[in-house]
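Here the structure is laid out as structure tokens; the discussion comes afterwards.
We did not get these values from a lab; they are worked out from the coordinates using the rules stated. Keep in mind that what you see is a predicted model, and the values were worked out from it rather than measured. Counting neighbours? That spans all protein chains shown, and the Cβs are built from the backbone with ideal geometry, glycine included.
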Amino acid sequence: MDITLTEVSAMDQISIRTQFSEYHFCVTDPRLCRGFLSGGLLGNRRQEAFLAGVYLSAGDWSMDSRKLETGRRAVFCVAGKSGLESLTTSVVTQLAFAKTGNANTA
């Protein structure tokens, strides 16, 4: 399964289950693949983030930041205390999507 972020609406929710964690991504700007990420290494803290890319296989990654896919590792850029920090998930095993967005989003 895959989810193309540019095809969802603002405020839609994506649950990302990985080998070792579960993350939640609330989309705020689908065009820029931005939102609030929580779970996993971040705990319950919601951090501003954007999807930067995915690892396709060992050492090979794609900067096509529009798509989350099972079987891949997602790379997010997260707002940290000293600027942007990279957060790479373990392999995504399951994606779930909840449409809660505003139909008037551009």
Within 15 Å, Cβ to Cβ, of residue 96, how many net charges do the neighbouring residues add up to if Lys/Arg are +1 and Asp/Glu are -1? -2
Once Lys and Arg get +1 and Asp and Glu get -1 on their Cβ, which of 49, 8, 98 lies farthest toward the positive end of the dipole of the range 2-98? 49
Packing-based order for 26-37, 72-83, 7-18, using average beta carbon neighbours within 10 Å, highest first: 26-37, 7-18, 72-83
Sorted by chain and then number, the residues having a modelled amide H within less than 5 Å of the amide H of residue 67, at least 5 places away or on another chain, are 5
Treating the beta-carbon of each Lys and Arg as +1 and of each Asp and Glu as -1, no other charges, what is the dipole magnitude of the chain about its Cα centre, to the nearest 20 debye? 200 debye
How far is it, in nm, from the label point at residue 29 to the one at residue 93 when both lie 7 Å from their Cα along the line to the Cβ? 3.4 nm
Roughly what % antiparallel, to the nearest 5, for the DSSP beta bridges in the chain? 100 percent
